[in-house]
Amino acid sequence: MSRSSPQPEAVNSMFARIARRYDFANRLLSCGIDLWWRRCLVVKVRDYAPSDVLDLATGSGDVAFALARSLGKEAKIIGMDFCQPMLDEALVKQSSAGLGRFDNVSFSQGDGLDLPLPDASLDAVTISFGLRNMADRDRALREMRRVLRPGGKLWVLEFSQPHAWFRPLYFFYLRHFLPRLAGFATGDRAAYVYLNETIEQFPDRFALEAEILSAGFCEVTSAGMTFGIVALHEASV
């Protein structure tokens, strides 16, 4: 693990601190575009029509709930995260939705580096904006591959590196405006200084394609979105 790798205890503590304001901060900092990014992921998964799905690093459950709405009650969705306060927010949403609304969604605490799931037990794994917070990306990707059945699919929605012409403006926003806005939204500016640093250090989509292939996946494709600042990767077992 490199010196700059995220430290699990620090990451867990950070997300625990911002859990209650996490959704509001996402909408504010992305001007609502994060909803479209997640929607693009859900549409891809819907077209594949899996029966058993793991939404890893589920956070407050936005993708898990969107998958449940899109795939229908026949599909079983597991939302997993290692930060319990984030899962608590997801459970509040589930309760607020009413009895039976999302009874095909379950939430559980779990470590992405050691998934508490059997080999070849899932049709699909999704992870949105969580891979860059893993202390060991290769190990996390290999765990995702382990729990997928032959023919299963992985989708990774993650920040990437922007187009060259947009890079100076984007990094200026990340370094100077994002922490201030996040401090207003969550009361925890330091958490978003960390997130800014992880975004800047994360590989571009082609380098991440190579990492996914190295972890044992095949047929990896990716698509950049919003001037390249986000990429959606799809890979098969």
Filter the stretch 182-225 down to the residues that are in a helix (DSSP H, G or I), of a type in the set (D, E, K, R) and modelled with pLDDT under 95 and list them by number. Arg189, Glu197, Glu200
Look at Arg20 and say whether it is farther than 22 Å from Ile229 by Cβ, among the basic types (Lys, Arg) and surrounded by 14 or more Cβ atoms within 10 Å (Cβ to Cβ). yes
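So, Ser106, is that one free of Cβ contacts under 8 Å to residues at least 24 places away in the same chain, among the hydroxyl-bearing types (Ser, Thr, Tyr) and more than 25 Å from Thr226 (Cβ to Cβ) or not?
Considered against the rule, which asks whether it is free of Cβ contacts under 8 Å to residues at least 24 places away in the same chain, among the hydroxyl-bearing types (Ser, Thr, Tyr) and more than 25 Å from Thr226 (Cβ to Cβ), Ser106 comes out as no.
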Taking first residues from the stretch 205-225 that are more than 19 Å from Phe159 (Cα to Cα) and of a type outside the set (D, E, K, R) and second residues anywhere that are surrounded by fewer than 16 Cβ atoms within 10 Å (Cβ to Cβ) and at pLDDT below 95, the pairs with Cβ under 8 Å that are 6 or more apart or on different chains are none
Report, ordered by the first and then the second residue, all pairs with beta carbons closer than 9 Å, sequence separation of six or more or different chains, a first member in the stretch 31-45 that is buried (at least 17 other Cβ atoms within 10 Å of the Cβ), and a second member that is of a type in the set (Asp, Glu) and in a helix (DSSP H, G or I). Asp34/Asp62; Arg38/Asp62
Can you tell me how many residues within the stretch 54-65 are more than 8 Å from Ala90 (Cβ to Cβ) and not hydrophobic (A, V, I, L, M, F, W, C)? 2
Identify, by number, the condition in (1) of a type in the set (Asp, Glu); (2) in contact with a Phe, Trp or Tyr (Cβ under 6 Å, 6 or more places away or on another chain); (3) exposed (fewer than 15 other Cβ atoms within 10 Å of the Cβ) that Asp114 doesn't meet. (2)
Residue count, the stretch 106-142 (criterion: within 25 Å of Glu200 (Cα to Cα) and either assigned to a helix (DSSP H, G or I) or of a type in the set (Phe, Trp, Tyr) (or both)): 10
Of Pro168, Pro179, which residue is modelled with pLDDT under 90 and either touching a Cys at 6+ places or on another chain (Cβ under 9 Å) or on the phi < 0 side of the Ramachandran plot (or both)? Pro179
Identify the single condition in (1) surrounded by fewer than 21 Cβ atoms within 10 Å (Cβ to Cβ); (2) touching a residue at least 60 places away in the same chain (Cβ under 8 Å) that Val63 does not satisfy, given that it satisfies every other one. (1)
For the stretch 71-103, enumerate the residues that are part of a loop (DSSP other than H, G, I, E, B) and either within 17 Å of the chain's Cα centre (by Cα) or at pLDDT 95 or above (or both). Ala75, Phe82, Cys83
Qualifying residue in the stretch 153-171 (condition: touching a residue at least 12 places away in the same chain (Cβ under 8 Å), touching an Asp or Glu at 6+ places or on another chain (Cβ under 9 Å) and in a helix (DSSP H, G or I)): yes
Checking Ser51 against (1) surrounded by fewer than 21 Cβ atoms within 10 Å (Cβ to Cβ); (2) under 16 Å from Ala90 (Cα atoms): exactly one of these is not met. Which one? (2)
Count, please, the residues in the stretch 17-59 that happen to be within 13 Å of the chain's Cα centre (by Cα) and β-branched (Val, Ile, Thr). 2
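The values are calculated or read from the model by the stated rules, or taken from the named source; none is laboratory data. All values reported here derive from a predicted model rather than from experimental measurement. Please note: Cβ atoms are built from the backbone with ideal geometry, for glycine as well, and neighbour counts cover all protein chains shown.
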